[in-house]
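*Asks:* Have a look at this one before I ask anything.
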Amino acid sequence: MDHFLYRNGALHAEDVPLSEIAAAVGTPFYVYSTATLLRHYALFDEALAGVDHLVCYAMKAASNQAILKTLAQAGAGMDVVSLGEYLRARAAGVPGEKIVFSGVGKTADEMRRALAGGIRQFNVESEPEMEALNAVARDLGTVAPVTIRVNPDVDARTHAKIATGKSENKFGIPIARARQVYAHAARLPGLEVVGIDVHIGSQLTELEPFAQAYAKLAGLTETLRADGHDIRRLDLGGGLGIPYARSNAAPPLPTDYGRLIRDTLGHLGCEIEIEPGRLIAGNAGLMMTRVIYLKQGEGRDFLILDAAMNDLIRPAMYDAHHDIVPVIEPEPGAEAAPYDIVGPVCETGDTFARQRPMPPLRQGDLIAFRGAGAYGAVMASEYNTRPLIPEVMVKGDQFAVIRRRPTFDEIINRDTIPEWL
Ligand SMILES: *Cc1c(COP(=O)(O)O)cnc(C)c1O
């Protein structure tokens, strides 16, 4: 459920008409709903009620500080994957003890700054990384809390680019080698092993792959405890999918996911961490754009928008579907016609949808891409020297620009011309 609904024939973000925001900030832009973000966070928090747990929002999904602060004030921790994200979370007021640091290629500098600044744990993904973190911690005269990410070799049954839990993926250590690697970690004085980490992929639309992974994790917890390791924390990663198309079957809900976690891992008495990103932010954001032209092609019609693949890369990169709706609610029974919906960038890949049935539209009409809150603004680029589009946050009847559109001068003046030219 989200808070983007038609009222009196016009699409609103909570209590604000989207046309009002478009008039104030210009198109294209992203807009987020505070109530939707908080509702999604609460669903996860409630799903684990009664279990010692922390919901660490995977901020790579949408990392504007206004989003981080909204969630942190509700009690969320953060999952970060770079020093930049760590610093951004700290700048938004998230305390170090609520930040977990994931990622397959942390550098010694990233480790040093996070360890010195305060961190809940590092999710370590390889033995060389263990050695590097040990050296950094020893150098700082401290001990780094770690979990080790194991790769459970399960098929997440999602898009190949976002599946991470198969043995051929670059992530984690093979579960078959876990005992050896944990024994190695236990010998490193700069590390304190606190638990185990898994994350098998993103946009999972069924619980079965989680069930397989968590069953393996339960077995591993018992084995490692028998080996003498104090396994007291389990980080279960993120990955629960969202319904991108209203017409499709809905993926499992956080409540079902919470029940699965209790059923498979509850008996172990561990503290549970989860790292949802997409489900918290995805349906809490829209990308807003206008129709520049309606163009007749050979046997097909094109809807040319002022947003492009550089603003929202998901359709080009993951063949992703977004529901695309007009801000003015179509008349009941309005006849739909198929369009190829494209942006102005000079690549055929700059196509948001092919032969998508759309109600009657005119040049200048405002259009919303649903489900654009996660992996939208954060993956945008300035390809074609198109400025990064603004982000806006709505709360009730208020809205605020939370990242403004850069000026062309700002973009152009970031280049420096060598003296010899
Ligand atoms: C990307 C990622 C997540 C979040 O995944 P979602 O599908 O957005 O929930 C969580 N943990 C790790 C380690 C990740 O890389």
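*Asks:* Only bridges with both residues in the stretch 103-274 count here: give the DSSP antiparallel percent, nearest 5.
*Replies:* Beta bridges within the stretch 103-274, antiparallel portion: roughly 5 percent.
*Asks:* Using unit Cβ charges (K, R positive; D, E negative) and no other charged atoms, how large, in debye to the nearest 20, is the dipole of the stretch 103-274 about its Cα centre?
*Replies:* Once rounded to the nearest 20, the dipole reads 160 debye.
*Asks:* Quick one: putting +1 on the C-beta of Lys and Arg, -1 on the C-beta of Asp and Glu, what dipole do you get for the stretch 1-134 around its Cα centre, in Debye to the nearest 20?
*Replies:* Roughly 360 debye, rounded to the nearest 20.
*Asks:* Using Cα pairs under 8 angstrom and six or more residues apart, how large is the relative contact order of the stretch 269-343, in percent?
*Replies:* Relative contact order, the stretch 269-343: 30 percent.
*Asks:* A further question follows. Determine the shape class of the stretch 342-413: with a ≥ b ≥ c the square roots of the Cα gyration tensor eigenvalues, call it rounded for a/c under 1.5, and otherwise prolate if a/b is greater than b/c, oblate otherwise.
*Replies:* The shape class here is oblate.
*Asks:* OK, next. Going highest first, how would you order 187-198, 135-146 by mean Cβ packing within 10 Å?
*Replies:* Result, highest mean Cβ count within 10 Å first: 187-198, 135-146.
*Asks:* Compare the peptides 327-334, 258-265, 279-286 by average per-residue count of other Cβ atoms within 10 angstrom and give them in order, highest first.
*Replies:* Per-residue mean Cβ counts within 10 Å order the peptides as 279-286, 258-265, 327-334.
*Asks:* Taking the Cα centre of the chain as origin, sum charge times position over the Cβ atoms of Lys and Arg (+1) and Asp and Glu (-1), and report the length of that vector in debye to the nearest 20.
*Replies:* The dipole magnitude comes to about 340 debye.
*Asks:* Would you be so kind as to identify which of P145, Q203, I99 lies farthest towards the positive end of the dipole of the chain, taking Lys and Arg as +1 and Asp and Glu as -1 on Cβ and the Cα centre as origin?
*Replies:* P145
*Asks:* In percent, how large is the relative contact order of the chain, given Cα pairs closer than 8 Å and 6 or more residues apart?
*Replies:* It comes to 20 percent, rounded to a whole number.
*Asks:* Counting only DSSP beta bridges with both residues in the stretch 174-324, what percent are antiparallel, rounded to the nearest 5?
*Replies:* Of those bridges, close to 40 percent are antiparallel.
*Asks:* Once you order the gyration tensor axes a ≥ b ≥ c over the Cα atoms, which shape class does the stretch 1-136 get: rounded for a/c under 1.5, otherwise prolate or oblate by comparing a/b with b/c?
*Replies:* Cα axes put the stretch 1-136 in the prolate bin.
*Asks:* Would you please put 288-294, 358-364 in order of how densely packed they are, using the mean number of other Cβ atoms within 10 angstrom per residue and starting with the highest?
*Replies:* In decreasing order of mean packing, 288-294, 358-364 become 288-294, 358-364.
*Asks:* If you don't mind, another one. Could you tell me whether the chain comes out rounded, prolate or oblate from its Cα gyration tensor? Rule is a ≥ b ≥ c as square roots of the eigenvalues, rounded for a/c under 1.5, then prolate if a/b exceeds b/c, otherwise oblate.
*Replies:* It is prolate, given that a/c is not under 1.5 and a/b is the larger ratio.
Bear in mind these aren't lab numbers, they're just calculated from the coordinates by the rules spelled out. A quick note: this is a predicted structure, and the numbers were derived from the prediction, not measured. Please note: Cβ atoms are built from the backbone with ideal geometry, for glycine as well, and neighbour counts cover all protein chains shown.
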